[in-house]
Amino acid sequence: MTTAMSLAASSGVAVWDAVGEPPRSPVRAAAAERLFRHAVRDLPVRVVLAGGERLGAGGDEAPLMRILAPEAFFHRLGVDAKIGFGESYMIGEWDSPDPAALLTPFARRLPVLVPRPLQYLRRWVDAARPEDERNTPAGAGRNVRRHYDLSNEVFATFLDETMTYSAGLFRPGITELATAQRCKLDRALDVAGVGEGTRLLEIGSGWGSLAIRAAERGARVTTLTLSEQQLNLARERIERAGVADRVDVEQRDYRHATGEFDAVVSIEMIEAVGAEYWSEFFATLDRLLVPGGRALVQAITMPHERMLATRGSHTWIHRYIFPGGQLPSTRAIERIVSEHTGLQLSERHAFGDSYAETLRRWRAEFTRQHERIAQLGFNERFRRMWEFYLAYSEAGFRARYLDVWQFALTKSTADGARQRG
(Lines give C-alpha, C1' and ligand atoms only; values in the text may rest on other atoms or scores of the structure.)
Protein backbone atom coordinates (compact mmCIF):
# COMPACT_ATOMS: atom_id res chain seq x y z
CA MET A 1 0.00 0.00 0.00
CA THR A 2 1.36 3.43 -0.91
CA THR A 3 1.82 6.10 1.73
CA ALA A 4 -1.02 8.13 0.19
CA MET A 5 -3.34 5.13 0.39
CA SER A 6 -2.27 4.48 3.97
CA LEU A 7 -3.06 8.07 4.95
CA ALA A 8 -6.47 7.89 3.33
CA ALA A 9 -7.22 4.54 4.93
CA SER A 10 -6.32 5.78 8.41
CA SER A 11 -8.11 9.15 8.23
CA GLY A 12 -11.00 8.46 5.85
CA VAL A 13 -9.93 11.01 3.24
CA ALA A 14 -6.48 12.51 2.72
CA VAL A 15 -6.52 16.15 3.80
CA TRP A 16 -5.78 17.42 0.29
CA ASP A 17 -8.81 15.56 -1.08
CA ALA A 18 -11.15 16.99 1.56
CA VAL A 19 -11.56 20.34 -0.23
CA GLY A 20 -15.25 20.69 -1.02
CA GLU A 21 -17.49 23.26 -2.61
CA PRO A 22 -17.51 26.50 -0.62
CA PRO A 23 -20.71 27.56 1.11
CA ARG A 24 -22.62 29.97 -1.10
CA SER A 25 -22.91 33.45 0.37
CA PRO A 26 -23.53 36.08 -2.30
CA VAL A 27 -22.96 38.91 0.18
CA ARG A 28 -19.60 37.62 1.37
CA ALA A 29 -18.55 36.69 -2.17
CA ALA A 30 -19.37 40.19 -3.40
CA ALA A 31 -17.41 41.71 -0.51
CA ALA A 32 -14.44 39.42 -1.25
CA GLU A 33 -14.52 40.40 -4.92
CA ARG A 34 -14.50 44.11 -4.06
CA LEU A 35 -11.57 43.64 -1.68
CA PHE A 36 -9.63 41.58 -4.22
CA ARG A 37 -10.15 44.13 -6.98
CA HIS A 38 -9.06 46.90 -4.60
CA ALA A 39 -5.96 44.90 -3.55
CA VAL A 40 -4.69 44.20 -7.07
CA ARG A 41 -5.54 47.49 -8.74
CA ASP A 42 -2.05 48.93 -8.21
CA LEU A 43 -0.03 45.71 -7.84
CA PRO A 44 2.52 44.98 -10.61
CA VAL A 45 0.65 41.83 -11.69
CA ARG A 46 -1.71 40.80 -14.47
CA VAL A 47 -4.97 39.17 -13.39
CA VAL A 48 -7.10 37.77 -16.20
CA LEU A 49 -10.60 36.55 -15.43
CA ALA A 50 -12.43 33.97 -17.50
CA GLY A 51 -14.09 36.00 -20.22
CA GLY A 52 -11.08 38.24 -20.70
CA GLU A 53 -11.43 41.01 -18.09
CA ARG A 54 -8.02 42.21 -16.88
CA LEU A 55 -7.08 43.56 -13.46
CA GLY A 56 -3.82 44.74 -11.91
CA ALA A 57 -1.25 47.36 -12.81
CA GLY A 58 1.28 45.06 -14.45
CA GLY A 59 2.32 45.20 -18.08
CA ASP A 60 2.67 42.36 -20.55
CA GLU A 61 5.74 40.97 -18.77
CA ALA A 62 4.26 41.10 -15.26
CA PRO A 63 3.47 37.89 -13.36
CA LEU A 64 0.20 36.39 -14.58
CA MET A 65 -2.76 35.07 -12.59
CA ARG A 66 -5.56 33.38 -14.53
CA ILE A 67 -8.84 33.12 -12.61
CA LEU A 68 -10.54 30.25 -14.41
CA ALA A 69 -13.64 29.99 -12.22
CA PRO A 70 -14.32 33.51 -10.87
CA GLU A 71 -17.64 32.74 -9.17
CA ALA A 72 -16.22 29.81 -7.19
CA PHE A 73 -13.00 31.73 -6.49
CA PHE A 74 -14.77 34.70 -4.92
CA HIS A 75 -17.16 32.51 -2.95
CA ARG A 76 -14.17 30.66 -1.51
CA LEU A 77 -12.42 33.92 -0.61
CA GLY A 78 -15.63 35.15 0.96
CA VAL A 79 -15.80 32.16 3.31
CA ASP A 80 -12.19 32.53 4.54
CA ALA A 81 -9.58 34.24 2.38
CA LYS A 82 -6.65 32.91 4.44
CA ILE A 83 -7.64 29.35 3.55
CA GLY A 84 -9.71 29.81 0.41
CA PHE A 85 -7.01 31.43 -1.72
CA GLY A 86 -4.75 28.38 -1.46
CA GLU A 87 -7.62 25.91 -1.71
CA SER A 88 -8.72 27.60 -4.91
CA TYR A 89 -5.29 27.00 -6.40
CA MET A 90 -5.32 23.36 -5.26
CA ILE A 91 -8.48 22.58 -7.20
CA GLY A 92 -7.60 24.65 -10.25
CA GLU A 93 -9.91 27.66 -9.90
CA TRP A 94 -6.92 29.88 -10.56
CA ASP A 95 -3.50 29.22 -12.02
CA SER A 96 -0.20 30.91 -12.84
CA PRO A 97 2.81 29.92 -14.94
CA ASP A 98 5.03 31.14 -12.09
CA PRO A 99 3.12 31.26 -8.78
CA ALA A 100 6.17 32.37 -6.76
CA ALA A 101 6.70 35.43 -8.98
CA LEU A 102 2.98 36.19 -8.79
CA LEU A 103 2.75 35.88 -5.02
CA THR A 104 5.84 38.00 -4.28
CA PRO A 105 4.11 41.37 -4.93
CA PHE A 106 1.19 40.20 -2.77
CA ALA A 107 3.64 39.29 0.02
CA ARG A 108 5.32 42.71 -0.16
CA ARG A 109 1.94 44.37 0.41
CA LEU A 110 0.54 41.80 2.83
CA PRO A 111 0.14 44.10 5.85
CA VAL A 112 -2.01 46.55 3.84
CA LEU A 113 -3.79 44.35 1.29
CA VAL A 114 -6.90 44.59 3.46
CA PRO A 115 -7.83 48.21 4.30
CA ARG A 116 -6.93 49.02 7.88
CA PRO A 117 -10.51 49.68 9.10
CA LEU A 118 -11.48 46.16 8.01
CA GLN A 119 -8.49 44.61 9.78
CA TYR A 120 -10.24 45.24 13.09
CA LEU A 121 -12.90 42.73 12.04
CA ARG A 122 -10.28 39.96 12.06
CA ARG A 123 -11.40 38.49 15.39
CA TRP A 124 -14.91 37.90 14.01
CA VAL A 125 -13.90 36.76 10.52
CA ASP A 126 -10.77 34.62 10.97
CA ALA A 127 -11.22 30.94 11.76
CA ALA A 128 -9.80 29.95 15.15
CA ARG A 129 -7.11 27.30 15.40
CA PRO A 130 -8.48 23.88 16.33
CA GLU A 131 -7.96 22.91 19.94
CA ASP A 132 -6.55 19.51 18.93
CA GLU A 133 -3.66 21.21 17.10
CA ARG A 134 -2.18 22.67 20.29
CA ASN A 135 1.40 21.47 20.75
CA THR A 136 0.93 19.55 23.95
CA PRO A 137 3.20 16.49 24.04
CA ALA A 138 0.43 14.42 22.45
CA GLY A 139 -0.66 17.15 20.06
CA ALA A 140 2.89 17.89 18.92
CA GLY A 141 3.33 14.25 17.96
CA ARG A 142 0.17 14.30 15.85
CA ASN A 143 1.10 17.58 14.18
CA VAL A 144 4.62 16.45 13.31
CA ARG A 145 3.46 13.12 11.93
CA ARG A 146 0.92 14.81 9.63
CA HIS A 147 3.76 16.53 7.80
CA TYR A 148 6.96 14.56 8.28
CA ASP A 149 5.44 11.09 8.11
CA LEU A 150 3.91 11.96 4.77
CA SER A 151 6.47 9.92 2.82
CA ASN A 152 10.26 9.79 2.92
CA GLU A 153 10.11 9.03 -0.79
CA VAL A 154 8.25 12.26 -1.59
CA PHE A 155 10.79 14.36 0.31
CA ALA A 156 13.59 12.51 -1.48
CA THR A 157 12.19 13.58 -4.86
CA PHE A 158 13.07 17.24 -4.33
CA LEU A 159 15.65 17.46 -1.53
CA ASP A 160 19.35 17.21 -2.36
CA GLU A 161 21.59 14.28 -1.47
CA THR A 162 22.01 15.50 2.12
CA MET A 163 18.23 15.16 2.72
CA THR A 164 18.29 18.51 4.52
CA TYR A 165 14.86 20.19 4.80
CA SER A 166 15.84 23.71 5.87
CA ALA A 167 17.55 26.75 4.37
CA GLY A 168 20.86 26.25 2.64
CA LEU A 169 23.51 28.95 3.06
CA PHE A 170 24.60 30.23 -0.36
CA ARG A 171 27.86 32.00 0.33
CA PRO A 172 29.76 33.58 -2.60
CA GLY A 173 30.98 30.90 -4.99
CA ILE A 174 28.49 28.23 -3.84
CA THR A 175 26.34 27.01 -6.71
CA GLU A 176 25.18 23.55 -5.57
CA LEU A 177 22.35 23.13 -3.08
CA ALA A 178 24.08 20.23 -1.31
CA THR A 179 27.15 22.43 -0.78
CA ALA A 180 24.96 25.25 0.57
CA GLN A 181 23.33 22.80 2.98
CA ARG A 182 26.68 21.56 4.28
CA CYS A 183 27.80 25.18 4.63
CA LYS A 184 24.72 25.90 6.79
CA LEU A 185 25.31 22.79 8.93
CA ASP A 186 28.99 23.61 9.39
CA ARG A 187 28.23 27.18 10.42
CA ALA A 188 25.71 25.97 13.00
CA LEU A 189 28.19 23.46 14.42
CA ASP A 190 31.04 25.99 14.41
CA VAL A 191 28.99 28.59 16.30
CA ALA A 192 27.86 25.94 18.81
CA GLY A 193 31.51 24.93 19.31
CA VAL A 194 30.98 21.31 18.26
CA GLY A 195 34.16 19.29 17.85
CA GLU A 196 36.01 16.25 19.16
CA GLY A 197 34.34 14.95 22.31
CA THR A 198 31.46 17.45 22.38
CA ARG A 199 28.27 16.13 23.94
CA LEU A 200 25.69 17.44 21.48
CA LEU A 201 21.91 17.39 21.69
CA GLU A 202 20.00 18.02 18.48
CA ILE A 203 16.31 18.90 18.79
CA GLY A 204 14.68 17.97 15.50
CA SER A 205 16.61 15.20 13.72
CA GLY A 206 15.37 15.65 10.20
CA TRP A 207 16.85 12.76 8.27
CA GLY A 208 20.15 12.85 10.14
CA SER A 209 22.28 15.27 8.13
CA LEU A 210 23.44 17.43 11.05
CA ALA A 211 23.96 14.45 13.36
CA ILE A 212 26.17 12.80 10.75
CA ARG A 213 28.15 16.00 10.19
CA ALA A 214 28.67 16.45 13.94
CA ALA A 215 29.68 12.83 14.51
CA GLU A 216 32.24 13.12 11.71
CA ARG A 217 33.81 15.91 13.79
CA GLY A 218 34.12 13.52 16.72
CA ALA A 219 31.06 14.66 18.69
CA ARG A 220 28.83 12.33 20.68
CA VAL A 221 25.31 13.09 19.45
CA THR A 222 21.83 12.57 20.84
CA THR A 223 19.20 13.63 18.33
CA LEU A 224 15.43 13.82 18.92
CA THR A 225 12.48 13.49 16.55
CA LEU A 226 8.77 12.79 16.85
CA SER A 227 8.51 11.41 13.31
CA GLU A 228 8.67 7.65 12.93
CA GLN A 229 9.60 7.84 9.26
CA GLN A 230 12.40 10.30 9.96
CA LEU A 231 13.60 8.15 12.85
CA ASN A 232 13.92 5.06 10.66
CA LEU A 233 15.61 6.73 7.71
CA ALA A 234 17.92 8.80 9.92
CA ARG A 235 19.14 5.63 11.60
CA GLU A 236 19.74 3.99 8.20
CA ARG A 237 21.67 7.00 6.90
CA ILE A 238 23.72 7.25 10.11
CA GLU A 239 24.59 3.57 9.83
CA ARG A 240 25.62 3.96 6.18
CA ALA A 241 27.79 6.94 7.12
CA GLY A 242 29.69 4.76 9.59
CA VAL A 243 28.96 6.90 12.66
CA ALA A 244 26.24 4.85 14.37
CA ASP A 245 28.52 4.30 17.37
CA ARG A 246 28.52 8.06 18.04
CA VAL A 247 24.84 8.92 17.40
CA ASP A 248 21.68 8.00 19.31
CA VAL A 249 18.42 8.77 17.49
CA GLU A 250 15.46 8.93 19.87
CA GLN A 251 11.74 9.37 19.27
CA ARG A 252 11.25 11.82 22.11
CA ASP A 253 9.65 15.20 22.79
CA TYR A 254 12.19 17.93 23.61
CA ARG A 255 10.39 18.50 26.93
CA HIS A 256 11.27 14.99 28.02
CA ALA A 257 14.99 15.20 27.22
CA THR A 258 17.41 14.50 30.05
CA GLY A 259 21.17 14.68 30.54
CA GLU A 260 23.90 17.28 30.33
CA PHE A 261 25.22 18.64 27.05
CA ASP A 262 28.03 20.91 25.95
CA ALA A 263 26.00 22.09 22.97
CA VAL A 264 22.41 22.07 21.74
CA VAL A 265 21.48 22.69 18.11
CA SER A 266 17.97 23.01 16.73
CA ILE A 267 17.44 23.75 13.05
CA GLU A 268 14.00 25.11 12.09
CA MET A 269 12.13 23.13 14.73
CA ILE A 270 10.92 26.07 16.82
CA GLU A 271 8.31 26.82 14.15
CA ALA A 272 6.52 23.63 15.26
CA VAL A 273 6.69 24.44 18.99
CA GLY A 274 3.73 26.82 19.22
CA ALA A 275 3.81 30.30 20.78
CA GLU A 276 2.46 29.17 24.16
CA TYR A 277 5.42 26.76 24.51
CA TRP A 278 8.29 28.97 23.32
CA SER A 279 9.32 29.80 26.87
CA GLU A 280 9.38 26.10 27.75
CA PHE A 281 11.48 25.35 24.67
CA PHE A 282 14.18 27.87 25.57
CA ALA A 283 14.03 26.93 29.25
CA THR A 284 14.71 23.34 28.17
CA LEU A 285 17.88 24.46 26.36
CA ASP A 286 18.95 26.27 29.50
CA ARG A 287 18.22 23.22 31.67
CA LEU A 288 20.17 20.80 29.49
CA LEU A 289 23.26 22.90 28.81
CA VAL A 290 26.22 22.70 31.17
CA PRO A 291 27.70 26.00 32.41
CA GLY A 292 29.69 27.46 29.54
CA GLY A 293 27.63 25.49 27.00
CA ARG A 294 26.38 26.91 23.72
CA ALA A 295 23.17 26.59 21.73
CA LEU A 296 22.35 27.37 18.12
CA VAL A 297 18.71 27.84 17.13
CA GLN A 298 17.84 28.36 13.48
CA ALA A 299 14.41 29.93 13.11
CA ILE A 300 12.16 31.25 10.36
CA THR A 301 10.81 34.61 11.51
CA MET A 302 8.09 37.07 10.56
CA PRO A 303 7.56 40.75 11.48
CA HIS A 304 6.59 41.18 15.12
CA GLU A 305 3.44 43.20 14.44
CA ARG A 306 2.19 40.60 11.96
CA MET A 307 2.97 37.81 14.41
CA LEU A 308 0.83 39.51 17.04
CA ALA A 309 -1.99 40.21 14.58
CA THR A 310 -2.20 36.68 13.18
CA ARG A 311 -1.10 34.40 16.01
CA GLY A 312 -4.62 33.12 16.66
CA SER A 313 -5.60 32.69 13.02
CA HIS A 314 -6.08 29.34 11.32
CA THR A 315 -4.56 29.60 7.85
CA TRP A 316 -4.12 27.48 4.75
CA ILE A 317 -0.63 26.52 5.94
CA HIS A 318 -2.06 25.23 9.23
CA ARG A 319 -4.81 23.21 7.59
CA TYR A 320 -2.77 21.61 4.83
CA ILE A 321 0.95 21.78 5.65
CA PHE A 322 1.99 22.57 9.25
CA PRO A 323 -0.79 22.04 11.79
CA GLY A 324 0.03 23.78 15.04
CA GLY A 325 2.81 25.86 13.49
CA GLN A 326 3.68 29.43 14.46
CA LEU A 327 6.55 31.57 13.22
CA PRO A 328 8.21 33.71 15.90
CA SER A 329 9.62 37.19 15.47
CA THR A 330 13.16 38.13 16.42
CA ARG A 331 11.72 40.38 19.12
CA ALA A 332 9.71 37.51 20.60
CA ILE A 333 12.79 35.26 20.73
CA GLU A 334 14.91 37.96 22.37
CA ARG A 335 12.24 38.67 24.99
CA ILE A 336 11.67 35.01 25.88
CA VAL A 337 15.38 34.26 26.17
CA SER A 338 15.82 37.28 28.43
CA GLU A 339 12.79 36.67 30.63
CA HIS A 340 12.68 32.87 30.91
CA THR A 341 16.31 31.69 30.80
CA GLY A 342 19.77 32.49 32.04
CA LEU A 343 21.12 32.27 28.49
CA GLN A 344 22.75 35.16 26.69
CA LEU A 345 22.01 35.89 23.04
CA SER A 346 25.56 36.26 21.78
CA GLU A 347 25.13 36.37 18.00
CA ARG A 348 22.52 36.27 15.27
CA HIS A 349 22.90 35.82 11.54
CA ALA A 350 20.20 36.27 8.85
CA PHE A 351 20.23 34.65 5.40
CA GLY A 352 16.71 34.95 4.01
CA ASP A 353 17.91 35.36 0.42
CA SER A 354 19.48 31.91 0.68
CA TYR A 355 16.13 30.47 1.75
CA ALA A 356 14.41 31.99 -1.27
CA GLU A 357 16.98 30.30 -3.50
CA THR A 358 16.65 27.02 -1.61
CA LEU A 359 12.88 27.05 -2.08
CA ARG A 360 13.20 27.93 -5.76
CA ARG A 361 15.36 24.86 -6.30
CA TRP A 362 13.08 22.61 -4.26
CA ARG A 363 10.05 23.75 -6.25
CA ALA A 364 11.80 23.30 -9.60
CA GLU A 365 12.85 19.77 -8.66
CA PHE A 366 9.41 18.94 -7.24
CA THR A 367 7.87 20.05 -10.56
CA ARG A 368 10.29 17.86 -12.52
CA GLN A 369 9.32 14.88 -10.37
CA HIS A 370 5.56 14.89 -11.04
CA GLU A 371 5.59 11.46 -12.63
CA ARG A 372 7.52 9.92 -9.73
CA ILE A 373 5.17 11.55 -7.20
CA ALA A 374 2.18 10.10 -9.05
CA GLN A 375 3.83 6.68 -8.96
CA LEU A 376 4.05 7.00 -5.18
CA GLY A 377 0.26 7.32 -5.07
CA PHE A 378 -0.14 11.09 -4.72
CA ASN A 379 -2.65 12.78 -6.99
CA GLU A 380 -2.86 16.07 -8.89
CA ARG A 381 -4.48 17.91 -6.00
CA PHE A 382 -1.60 16.92 -3.71
CA ARG A 383 0.89 18.12 -6.32
CA ARG A 384 -0.82 21.51 -6.61
CA MET A 385 -1.02 21.78 -2.81
CA TRP A 386 2.74 21.35 -2.48
CA GLU A 387 3.50 23.61 -5.44
CA PHE A 388 1.48 26.37 -3.77
CA TYR A 389 3.19 25.77 -0.41
CA LEU A 390 6.69 26.00 -1.90
CA ALA A 391 5.82 29.01 -4.08
CA TYR A 392 4.04 30.78 -1.20
CA SER A 393 7.07 30.26 1.04
CA GLU A 394 9.54 31.40 -1.62
CA ALA A 395 7.51 34.56 -2.20
CA GLY A 396 7.58 35.34 1.51
CA PHE A 397 11.38 35.30 1.54
CA ARG A 398 11.75 37.15 -1.78
CA ALA A 399 9.49 39.89 -0.43
CA ARG A 400 11.48 39.93 2.85
CA TYR A 401 8.26 39.37 4.73
CA LEU A 402 9.95 36.23 6.07
CA ASP A 403 13.54 35.78 7.16
CA VAL A 404 15.67 32.99 8.60
CA TRP A 405 18.15 33.48 11.44
CA GLN A 406 20.75 31.49 13.32
CA PHE A 407 20.65 32.61 16.96
CA ALA A 408 23.70 31.80 19.09
CA LEU A 409 23.08 31.41 22.82
CA THR A 410 25.59 30.90 25.63
CA LYS A 411 25.18 29.76 29.21
CA SER A 412 27.09 31.46 31.98
CA THR A 413 30.01 29.57 33.53
CA ALA A 414 29.00 30.84 36.96
CA ASP A 415 27.64 28.25 39.38
CA GLY A 416 23.89 28.40 39.89
CA ALA A 417 23.16 30.31 36.69
CA ARG A 418 19.72 31.77 37.05
CA GLN A 419 16.77 29.70 35.92
CA ARG A 420 13.63 31.78 35.66
CA GLY A 421 10.22 30.21 35.09
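The values are calculated or read from the model by the stated rules, or taken from the named source; none is laboratory data. As the structure is a computational prediction, the values presented were derived from the model and not from experiment. FYI the Cβ positions are ideal-geometry reconstructions off the backbone, even for glycines, and counts take in every protein chain you see.
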In region 260-276, residue nearest to residue 147 (Cα to Cα) [restricted to those that are crowded, with 22+ Cβ neighbours inside 10 Å and over 17 Å from the mean Cα position of the chain (by Cα)]: 265
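Kindly indicate which of 400, 372, 363, 381 is crowded, with 19+ Cβ neighbours inside 10 Å and among the charged types (D, E, K, R). Show your work before the answer.
On the way: 400 fails: crowded, with 19+ Cβ neighbours inside 10 Å; 372 fails: crowded, with 19+ Cβ neighbours inside 10 Å; 381 fails: crowded, with 19+ Cβ neighbours inside 10 Å.
Residue meeting the stated conditions: 363.
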Filter result for residue 239 (of a type in the set (D, E, K, R), buried (at least 24 other Cβ atoms within 10 Å of the Cβ) and at negative phi): no
Give the residues of region 230-251 that are more than 17 Å from residue 162 (Cβ to Cβ) and in a helix (DSSP H, G or I), sorted by residue number. 231, 232, 244, 245, 246
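Name every residue in region 193-209 that is among the hydrophobic types (A, V, I, L, M, F, W, C) and over 18 Å from the mean Cα position of the chain (by Cα), in order of residue number. Lay out the reasoning, then the answer.
Of region 193-209, the ones among the hydrophobic types (A, V, I, L, M, F, W, C) are 194, 200-201, 203, 207.
194, 200, 201, listed by residue number.
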For residue 381, are the conditions met, namely being touching a Phe, Trp or Tyr at 6+ places or on another chain (Cβ under 6 Å), part of a helix (DSSP H, G or I) and of a type outside the set (Asp, Glu)? yes
Please find, among 309, 295, 263, the residue that is of a type in the set (A, V, I, L, M) and more than 24 Å from residue 207 (Cα to Cα). 309
Could you list, in sequence order, all residues of region 29-85 that are touching a helix residue (DSSP H, G or I) at 6+ places or on another chain (Cβ under 6 Å), part of a helix (DSSP H, G or I) and small (Gly, Ala, Ser)? 29, 32, 78, 84
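Identify all residues within region 213-232 that are among the aliphatic types (A, V, I, L, M), under 21 Å from residue 179 (Cα atoms) and surrounded by fewer than 23 Cβ atoms within 10 Å (Cβ to Cβ); write none if there are none.
Filtering region 213-232 for residues among the aliphatic types (A, V, I, L, M) gives 214-215, 219, 221, 224, 226, 231.
Going one step further and asking which of them are under 21 Å from residue 179 (Cα atoms), we end up with 214-215.
Within region 213-232, no residue meets the criteria.
Return the only residue of 27, 47, 79, 19 being of a type in the set (Val, Ile, Thr) and either closer than 17 Å to residue 109 by Cα or in the same structural domain as residue 323 (by TED's automatic domain parsing) (or both). So that I can check it myself, show each step before the final result.
Working: 27 fails: either closer than 17 Å to residue 109 by Cα or in the same structural domain as residue 323 (by TED's automatic domain parsing) (or both); 79 fails: either closer than 17 Å to residue 109 by Cα or in the same structural domain as residue 323 (by TED's automatic domain parsing) (or both); 19 fails: either closer than 17 Å to residue 109 by Cα or in the same structural domain as residue 323 (by TED's automatic domain parsing) (or both).
Exactly one of 27, 47, 79, 19 is of a type in the set (Val, Ile, Thr) and either closer than 17 Å to residue 109 by Cα or in the same structural domain as residue 323 (by TED's automatic domain parsing) (or both), namely 47.
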Just one of the numbered conditions (1) modelled with pLDDT of 95 or more; (2) more than 19 Å from residue 254 (Cα to Cα) is not true of residue 130; which one? (1)
Mind checking which residues of region 179-205 are more than 14 Å from residue 351 (Cβ to Cβ) and polar (S, T, N, Q)? 179, 198, 205
Look through 160, 190 and report the one residue that is of a type in the set (Asp, Glu), crowded, with 16+ Cβ neighbours inside 10 Å and either assigned by TED's automatic domain parsing to the domain that holds residue 269 or not in a loop (DSSP other than H, G, I, E, B) (or both). 160
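Considering only residues that are acidic (Asp, Glu) and surrounded by 11 or more Cβ atoms within 10 Å (Cβ to Cβ), look in region 1-41 and name the one that is modelled with the lowest pLDDT.
Here is the first cut: in region 1-41, the residues acidic (Asp, Glu) are 17, 21, 33.
Filter once more, so that each one left must be surrounded by 11 or more Cβ atoms within 10 Å (Cβ to Cβ): 17, 33.
Numbers: 17: 86, 33: 96.
Out of the qualifying residues, it is 17.
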Using the structure shown, decide if residue 196 is touching a residue at least 24 places away in the same chain (Cβ under 8 Å) and farther than 27 Å from residue 386 by Cα. no
